[in-house]
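Take a look at the structure set out below.
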Amino acid sequence: GSILIKLHQLINYNQNKIIHYSLRKYLLANCDTINRLSISKVVEDTLISKTSVLKFCRYLGYDSWKSFAVIFKKNV
């Protein structure tokens, strides 16, 4: 399914997963510039570890931040 649908589902099905909620909120707020955001910038802005960001990407079915960001930008 669409990456946007997956992000919106996170709020409904994973309300107790604060990291997923925080990343989802951050990504939706920054969807226009996602292709310019490095994983380091995401970590800096969200105070979420690089490992957790990568786990989030894998949770959504992507093997890296870059592959996630490319597909996210295409779907927005």
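Read-outs throughout are calculated quantities, based only on the coordinates presented, and are distinct from any laboratory measurement. Note that the structure is predicted; figures quoted are calculated from it, not measured. Reconstructed Cβ throughout: ideal geometry from the backbone, glycine too, with neighbour counts over all protein chains shown.
Before anything else, pin down the relative contact order of the chain: Cα pairs under 8 Å, at least 6 apart, normalised by residue count, whole percent. Can you show the working numbers first?
Working: 57 pairs, mean separation 27.2, N = 76.
Computed value for the chain: 36 percent relative contact order.
What value in Å³ per residue do you get for the convex hull of the alpha-carbon atoms in the chain?
78
Using a Gaussian network for the chain with springs between C-alpha atoms less than 10 Å apart, which of these wobbles most: Lys41, Lys55, Lys25?
Lys41
Would you please give the FRET efficiency between Asp45 and Lys6, computed as 1/(1 + (r/R0)^6) with r the Cβ-Cβ distance and R0 = 25 Å, to the nearest 0.05?
Plugging the Cβ-Cβ distance into 1/(1 + (r/R0)^6) gives 0.75.
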